[in-house]
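Below is one structure; the comments refer to it alone.
Only the coordinates and a few stated rules stand behind these numbers; no lab work does. If you're wondering where the values come from, they're calculated on a predicted model, not measured in any experiment. Neighbour counts are summed over all protein chains in view; Cβ atoms, including those assigned to glycine, are modelled from backbone coordinates with ideal geometry.
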């Protein structure tokens, strides 16, 4: 467990900065135990980095189908990611397949075919070989790395986003109409065991907040939902809202009803620190912002700017290390200044 304090949070500065992508980076992930990070972008490239040295290890491509929503499996040399096709074919399910990719020898181990529209969210179980995918076809699909047969389908009213808790017991499906449903991973076919809403409906439009990102806290007690320019922290058992952070008001005008990344068309991602004490998000001002998960107060705005909007952000498990990637193709590794580069 990495325990952080405000002094360390405020001291974070780029230890390395990469500009290997030629287009927006749409997703990144850290491996849970090894010192590696992967990024994928709209340039159809996948880059694997050694985080303790800042070394680019490999560059691979998915030119035909593109790549997005990357996540490591339990192996440090294998990832799952979604397709991101530029031109649709007559076979939409093939267009939107997920790919199980061995980075060791650059081979595809398995394809997961079933979604009929763009996959927007992928979540790997922390304990098993199962993973979830959510797509614009309004479905959540359950998969197992050991077979390409879909294990189950959950149909939603609108586009969902998915999250798994760190204990591998519960997963959430948060739809863009503000509804969150929690499922027991061992009995999802029995339906959600609880359902609650995020925020309140807009008085003018009548629409609920559009949830585009959901993350369980490391201890599983809270659920972080991002809807437009607002982050909601909810009690993961009762659904009660414990905190609301208006990111838009703090970072340059992103309101709840506006796209979280302004004109870029990318939705901002938020994340927890490993100790669950802080939450991070990029802002429309091209900076990374940090809030206390206990008080909701602003703790830090990291000084260095991205060239674009940092729409992807993660904190490395068990390390004093964070990464942010932006819509202009840049990726920064952040470390406390007193640790050196």
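Applying a 10 Å radius around every beta-carbon, put 59-70, 326-337 in order of their mean neighbour count, most first. Walk me through the intermediate numbers first.
Details: 59-70: 17.1, 326-337: 21.4.
Highest mean packing first, the order is 326-337, 59-70.
In what sequence, highest mean first, do 188-199, 129-140 appear when ranked by Cβ atoms within 10 angstrom?
Highest-to-lowest ranking by the protection proxy: 129-140, 188-199.
Ranking request for peptides 152-158, 104-110: highest mean number of other beta-carbon atoms within 10 Å first, then the rest in descending order.
Averaged packing, sorted descending, gives the order 152-158, 104-110.
At q = 0.11, 0.13, 0.15, 0.22 Å⁻¹, work out log10 I(q)/I(0) for region 1-93 with the Debye formula, treating every Cα as an identical point scatterer and leaving solvent out; two decimals please.
Cα-only, vacuum Debye calculation for region 1-93: -0.39, -0.53, -0.67, -1.13.
Mind pulling up the Rg/Rh value for region 191-239? Radius of gyration and Kirkwood radius, both on Cα.
My calculation puts Rg/Rh at 1.00.
Suppose only helical runs count, i.e. DSSP H with n ≥ 4. What mean residue ellipticity at 222 nm does that imply for the chain under -39500 (n - 2.57) per run, divided by all residues and rounded to the nearest 500 deg cm²/dmol? The partial results should precede the final answer.
Numbers: 3 runs with 14 residues, N = 341.
Rounded to the nearest 500, the figure is -500 deg cm²/dmol.
Dividing the Cα convex hull volume of region 156-309 by residue count, how many Å³ per residue is that?
Once divided by residue count, the hull of region 156-309 is 110 Å³.
Suppose we keep just the alpha-carbon trace of the chain; what are its Rg and Dmax in angstrom?
18.5, 55
Starting from the eigenvalues of the Cα gyration tensor, five times each then square-rooted, give me the equivalent ellipsoid semi-axes of region 85-229, largest first, whole Å.
Semi-axes from the Cα gyration tensor: 26, 20, 13 Å.
Beyond 16 Å, what share of the Cα-Cα pairs of region 1-49 remains, rounded to the nearest whole percent?
Of all Cα-Cα pairs in region 1-49, 56 percent lie more than 16 Å apart.
Taking Cα centroids, how far is region 109-155 from region 80-108 in Å?
With region 109-155 and region 80-108 each reduced to a Cα centre, they are spaced 13 Å.
Take the alpha carbon gyration tensor of region 26-160, find the square roots of its eigenvalues, order them as a ≥ b ≥ c, and report rounded if a/c is under 1.5; if not, report prolate when a/b exceeds b/c, else oblate.
prolate
Describe numerically, in nm with one decimal, the distance between label points set 7 Å from Cα along Cα→Cβ at residue 337 and at residue 109.
Placing both labels 7 Å along Cα→Cβ, they lie 4.2 nm apart.
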